[in-house]
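The structure appears right after this line, and notes come after that.
The values are calculated or read from the model by the stated rules, or taken from the named source; none is laboratory data. Note that the structure is predicted; figures quoted are calculated from it, not measured. With ideal geometry, Cβ positions are generated from the backbone for all residues, glycine too; neighbour counts draw on all protein chains shown. Quick note on the areas: whole protein, heavy atoms, side chains included, nothing else; ligands and nucleic acids left out. Shrake-Rupley method; radii C 1.70, N 1.55, O 1.52, S 1.80 Å.
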Amino acid sequence: LVALDNKAAWRISVGSCANGGAKVAITTDGGTTWADAKTPLRTVVRVRPTNAHAAFVVGADTSCAAVLKTTSDAGTTWGSDSSVGSAWFRDPKKPAVVHSPGPASSTPCGQRAVLDLAVISVGSARVLCADGLVRSTTDTGSSWTSSGKVSGAVALAVSPASPTQTYVAILDAPGCAGVQVRQVARSTKSSCVSTALPKDPGQIALSLVAGGGWLSIGDATMRSTDKLVTWSAS
């Protein structure tokens, strides 16, 4: 899930190289309705929109070799395969591997899977590891440093106004029957979204925008417009 503002966002279902199933959807009305775009690959591991019509995705087909595709018409058509050399992305077939701009790759979580990736700039990014550890790099993945650990965290987002602030979505947090959203550097919660949780993992995503954020929980979309204090369904 990548939101552009309080109205527009792009959402992907990752799928897999072997079984396909990737999906791309776009909303321009705050998540009330979503329009399915043509899906260009069997698996999509990253979407990076610039507006409601233009974006690139990184993914793969049956070979599981990563490629980049672009669209300028909201996913009606996609360009031919391009090099992924300029993009950050999680490896489609190796969940512990992150690729950065250039030929390099790294394993910021060691042997653990990278659950989420937040790109800050060409050289800077942040990841959420499967054990709740948050790690950051400012040198295109040459080195990673730990910046906190949150038990139960399943999704990661960085504040566009303050890139040093990292937020996570947490399951099974004390006193929250649903998804808790809070800043990694603070022990107090920002908010609790009381809701039923999907049975299958990997269906929760978080994205921040100026003044608030978006939270995807299965097929449901929640939004906050008061700096993550309260959330409402779209």
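Within the stretch 8-100, considering only strands (runs of 3 or more DSSP E) that don't extend past its boundaries, which have at least 3 residues that are buried (at least 17 other Cβ atoms within 10 Å of the Cβ) and within 19 Å of the chain's Cα centre (by Cα)?
Values: elements: 9-13, 23-27, 35-37, 43-49, 55-60, 67-71.
Filter on the stretch 8-100 gives 9-13, 23-27, 43-49, 55-60, 67-71.
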Query raised in the report: If you scan the stretch 64-79, which residues turn out to be touching a Cys at 6+ places or on another chain (Cβ under 9 Å) and within 11 Å of His53 (Cβ to Cβ)?
Result: none
Requested in this report: Go through (1) at pLDDT 95 or above; (2) closer than 26 Å to Ile26 by Cβ and name the single condition Ala196 misses.
Outcome: (1)
Requested in this report: List the number of the failed condition for Leu197; all other conditions in (1) more than 14 Å from the chain's Cα centre (by Cα); (2) in contact (Cβ under 8 Å) with a residue 24 or more places away in the chain; (3) not in a loop (DSSP other than H, G, I, E, B) hold.
Outcome: (3)
Query - Sole exception among (1) under 16 Å from the mean Cα position of the chain (by Cα); (2) basic (Lys, Arg); (3) open to solvent by 60 Å² or more (accessible area, probe 1.4 Å) for Arg223, by number - result: (3)
Query raised in the report: Could we say that Gly110 is at pLDDT 95 or above, crowded, with 21+ Cβ neighbours inside 10 Å and assigned to a loop (DSSP other than H, G, I, E, B) here?
Result: no
Report task. Would you please name the residue that is modelled with the lowest pLDDT, looking only at residues in the stretch 134-165 that are open to solvent by 40 Å² or more (accessible area, probe 1.4 Å) and part of a strand (DSSP E or B)? Result -> Ser147
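Just checking, which of Ser105, Ser63, Ser72 is closer than 28 Å to Thr28 by Cβ and out of contact with any Ser or Thr (no Cβ under 7 Å at 6 or more places or on another chain)?
Working: Ser105 fails: closer than 28 Å to Thr28 by Cβ; Ser63 fails: closer than 28 Å to Thr28 by Cβ.
Going through Ser105, Ser63, Ser72 in turn, the sole match is Ser72.
So in the stretch 170-193, with the set limited to residues that are open to solvent by 30 Å² or more (accessible area, probe 1.4 Å) and among the hydrophobic types (A, V, I, L, M, F, W, C), which one is modelled with the lowest pLDDT? Break it down stepwise before answering.
Keep residues of the stretch 170-193 that are open to solvent by 30 Å² or more (accessible area, probe 1.4 Å), which gives 171-172, 174-175, 177, 182, 185-190, 192.
Subset that is among the hydrophobic types (A, V, I, L, M, F, W, C): 171, 177, 185, 192.
Values: Leu171: 95, Ala177: 93, Ala185: 84, Cys192: 93.
Looking at residues that are open to solvent by 30 Å² or more (accessible area, probe 1.4 Å) and among the hydrophobic types (A, V, I, L, M, F, W, C), I get Ala185.
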Query raised in the report: Taking the stretch 66-83 as the region of interest, how many residues are at pLDDT 95 or above and touching a strand residue (DSSP E or B) at 6+ places or on another chain (Cβ under 8 Å)?
Result: 12
Requested in this report: For the stretch 198-206, state whether one or more residues are in contact with a Phe, Trp or Tyr (Cβ under 6 Å, 6 or more places away or on another chain) and buried (at least 18 other Cβ atoms within 10 Å of the Cβ).
Outcome: no
